[in-house]
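Report on the following structure.
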Amino acid sequence: MTQLIKFIIATRSSAKDFSTQTATGRNYYQFLLPLSLNPFQQDYRLELDVQFNNTQGLPTVYNQAIERYAQRQDADPSTIFIFLHDDIIITDFYWHKALIQSLEKFDIIGLAGCKTRAPYQIGWLHTWQPENNTIAFNKIPNNLSGIVSHGTHFPSQVNFYGEPDQEVKLLDGLLLATQFSTL
């Protein structure tokens, strides 16, 4: 069976500029899509759902994409949804195999996260300190998970947050993936 993988993206770019002016657009059309058409890797196919010229919040865009898919006659519970920012570059030739393998282990996956929650925690990487009204880096030992490369060009600086492939309580939203049946 061919696995459908849907990329859900919100971008301020126009449809005309998306494939040339965003990292994800360039990556999709120059690397991911051609890779998926490789005759030796016919086990998955890609579909792109982009909200161009976006001014809405990500939850609104993502929920609309889920609803559109749910209305389709060919909607399949095993379809994988990848919700991602428009500045993401995927460089692994076998990324889809890692994605599927991770979703066999976890219901929702991402690139980075933290394993515990703390009072006043505002995100996976930071906590709010009410006593002095500041935001602090999450310094709980062995609490973080994931590897992310940050920068404007590939290759960029790699940030090792912690051992990847661990169960976490909070995920960074730059890339989230799950099966349609989980939604």
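The values are calculated or read from the model by the stated rules, or taken from the named source; none is laboratory data. Owing to the predicted nature of the structure, the values given are computational and were not obtained by experimental measurement. So basically every Cβ, Gly included, is an ideal-geometry build from the backbone, and we count neighbours across all protein chains shown.
Points worth noting:
- Sole residue being over 21 Å from Gln30 (Cβ atoms) and either hydroxyl-bearing (Ser, Thr, Tyr) or in contact with a His (Cβ under 8 Å, 6 or more places away or on another chain) (or both), chosen from Gln121, Gln129, Gln157, Gln166: Gln157
- Which numbered condition Glu167 fails, given (1) touching a Ser or Thr at 6+ places or on another chain (Cβ under 9 Å); (2) surrounded by 11 or more Cβ atoms within 10 Å (Cβ to Cβ): (2)
- Candidates Phe18, Phe31: the one that is in contact with a helix residue (DSSP H, G or I) (Cβ under 8 Å, 6 or more places away or on another chain) and not in a loop (DSSP other than H, G, I, E, B) is Phe18.
- Residues satisfying the stated conditions in region 84-120, i.e. under 24 Å from Thr152 (Cα atoms) and assigned to a loop (DSSP other than H, G, I, E, B): His85, Asp86, Asp87, Ile88, Ile89, Ile90, Thr91, Asp92, Phe93, Tyr94, Leu111
- Search result, residues across region 64-78 that are under 22 Å from Leu103 (Cα atoms) and either hydrophobic (A, V, I, L, M, F, W, C) or loosely packed, with under 13 Cβ neighbours inside 10 Å (or both): Ala65, Ile66, Glu67, Ala70, Asp74, Ala75, Pro77, Ser78
- Of residues in region 94-127 being at pLDDT below 95 and among the aromatic types (Phe, Trp, Tyr), the one farthest from Ser36 (Cα to Cα): Tyr120
- Taking first residues from region 158-173 that are at positive phi and partners that are aromatic (Phe, Trp, Tyr) and surrounded by 14 or more Cβ atoms within 10 Å (Cβ to Cβ), the Cβ contacts under 9 Å between residues at least 6 apart in sequence or on separate chains come to Asp165/Phe106.
- Considering region 136-155, the residues that are of a type in the set (S, T, N, Q) and under 15 Å from Lys169 (Cα atoms) include one that is nearest to the chain's Cα centre (by Cα), namely Ser145.
- Verdict on Val61 being at pLDDT 95 or above, of a type in the set (Val, Ile, Thr) and assigned to a strand (DSSP E or B): no
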